[in-house]
1. Go through (i) 57, 55, 41; (ii) 61, 56, 48; (iii) 70, 57, 44 and flag the label whose value is the computed Cα extents along the principal axes in Å for this structure.
2. Counting only Cα atoms, I'd like the Rg/Rh figure for the range 127-172, Kirkwood definition for Rh.
3. What is the Cα coordinate range of the range 102-260 on the first, second and third principal axes, sorted by size from largest, in whole angstrom?
4. In whole Å, what are the Cα extents of the range 167-240 along the three principal axes, biggest one first?
5. Excluding same-chain residues fewer than 8 positions from residue 193, which lysines have a Cα within less than 29 Å of its Cα?
6. So for the chain: antiparallel DSSP bridges make up what percent, rounded to the nearest 5?
7. State the Cα centre-to-centre distance between the range 73-148 and the range 178-253 in whole Å.
8. Take the alpha carbon atoms of the range 319-343, find their center, do the same for the range 289-314, and report the distance between the two centers in whole angstrom.
Amino acid sequence: MKKRISYALGVTCTAALLLGGCSSSSTYGKYMTLGEYKGLEISKIKTEITDDDLEQEISYTLDDNTEYFETDRAAQNGDMVNITYSSTMNGEAFDGGSGEDMDIELGAGYLEGDILQDAESEIIGMKADDTKEMDLTIPENYYFDDSLAGQKIHVTLTVNSVSEIERPELTDEFVASISDFDTVDAYKEDLKKSLEASADENNEYTAGSDALTQVVENSTFKGYPDDLYNTCKDLYDQTNQAYAEMLGLDVSDFEGTEEETKAAVESMVYEDMVITSIAEKEKLTVSDDEYQKYVEDNLDTYGMSSVEEFESTYSKDSVMEELLRGKVQKLLLDNAKITEVSEEDYYQEYEGGEESSTEDVIDFTMDETEAVSTEAASEA
């Protein structure tokens, strides 16, 4: 079965990937009254790329180019070790108490907030294939289940491998090997421009999503087609399942109540109805040429080598729906009263608010289902 494309809510440095559209081309006039969608007052984030942001991105690049060399010697600070472990509490296994093929850079804080937080000193000195039993205390800042903080556990831990880490330095030679630039300064200048462009695209998408949320709130709904609800519900379930598999969890671990699920799906339904209604009223459409151009321009983004490979994986309908969403959001922003605010002020403004968009009702990230990037909105 082909995957549907999700759309991205842009935020600084990361993007939370959300459900794709589930609308059809039918008119929803008998189900809703479209609210005001021009002259909206929108706060738009203005991101300033700081030196810290730049250094963090460079750090990611150095990490990506780091090499690891397995060694037979005992593990020491600064090494990467791969471990497998199991734990018991009062003689019984418990959720989150075991793991396989877990990579840890000793001394880098990888285990902060983990049940193995106090195990690093025990791992130092172990060699590949060594197994050790240890008694530990679950830390107070245990992220998985704070109700277990302070509990005593017994851990059996095996070191599968020990690797020396060779991390490159940011030099002119390194820059030339990974980019089209010959100097560190030129590389940093281009990287900053790239980060600024990415932030601008994300902020544009966020503002467009906020505008769409306002239109949903401005509109009146008297119902919806059952087939539209069922389509959105299926997509909601599929995406939750993919998210659960990505995190190695059972989907029931984070699913809400029946009422919460219905509210989330209805939020998707109403948003799709609004998008379709605005597009019909403004005569906005997406042509096959626009679709083709988007796919060809973004093959690298999706790790695809050809249009055929892309289309064998992703649904054309979901791409077309996302491109249409981008056009609708652009129209809303083109006709809105926009105030630029800092990132801090933006999130303070919405803290404790009652946002009702899909972004707030459903909070998950996927890697198997790639999102149509914010370029879709800007290119549409």
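1. It is the one labelled (iii).
2. Numbers: Rg = 17.1 Å, Rh = 13.8 Å.
Rounded to two decimals, Rg/Rh equals 1.23.
3. Cα extents, longest axis first: 67, 53, 26 Å.
4. 63, 28, 18
5. Those lysines meeting the cut-off are 44, 46, 293, 327, 330, 337.
6. Values: 32 of 40 bridges.
Once the DSSP bridges in the chain are tallied, antiparallel ones form about 80 percent.
7. About 34 Å separates the Cα centre of the range 73-148 from the one of the range 178-253.
8. 23
Each value in this text was obtained by applying a stated rule to the coordinates, not by laboratory testing. Quick caveat: nothing in here was measured; it's all calculated off a predicted structure.
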